[in-house]
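Here, each number is a calculation from the coordinates, and none is a lab measurement. Computed from a prediction, not measured in an experiment: that's the story for all the values here. Here the Cβ is made from the backbone with ideal geometry for all residues, glycine too, and neighbour counts use every protein chain on show.
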Amino acid sequence: MLKKTITYKDFDGNERTENFWFNLSKAECMEMELSTNGGMQQMIERIVSERDNEKIVKIFKDIILKSYGKKSDDGKHFYKSPEISADFAATEAYSELFMELATDADAAAKFITAVLPVDPDEAKKALETVK
């Protein structure tokens, strides 16, 4: 799980600093891995090597919005829904995060590593047992 502190200006021009939470469960990661031809890592490597900016942008957006949620006060639950993702996407905090990841490869790599709990090698082994 990643707690990301983001400073942004709201639509009234007020500067805000807030904490946002991002996480993909092992089940969500495995679902993404199994539903992607060749696996997520291979697909990302292919898109990066092809310099397909349109697909890179889509992957960043998908991972940000799929991983965003609201953590319960007791830490037992992490709530996600299309509505929660849409609410976040409608903020300047989302825009700030997206621009950071799109323009800083190190920040993007750290973000992806922090929200993806499944080791790519572990996912490959699981895929091989399913085939």
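Gaussian network model of the chain, Cα springs within a sub-10 Å range: biggest mean-square fluctuation belongs to which of Asn14, Asn37, Asn53? The residue with the greatest mean-square fluctuation here is Asn14.
Set against the labelled values (i) 53, 39, 24; (ii) 52, 24, 24; (iii) 39, 31, 25, Cα extents along the principal axes in Å computed from this structure falls on (i). Candidates Phe22, Leu101, Tyr8 compared by Cα position along the dipole of the chain: farthest toward the positive end lies Phe22, with charges placed on Cβ. With contributions of -39500 (n - 2.57) from each DSSP H run of at least four residues, the per-residue ellipticity at 222 nm computed over the chain stands at -18000 deg cm²/dmol. Other residues whose C-beta falls under 12 angstrom from the C-beta of Asp10 contribute a net charge of -3, scoring Lys and Arg +1 and Asp and Glu -1. Only Lys, Arg, Asp and Glu carry charge here, each on its Cβ (+1 for the first two, -1 for the last two); on that basis the chain has a dipole of about 340 debye about its Cα centre. The residue among Ser35, Thr91, Ser67 whose Cα reaches farthest toward the positive pole of the charge dipole of segment 2-130, with charges on the beta-carbon of Lys, Arg, Asp and Glu, is Ser35.
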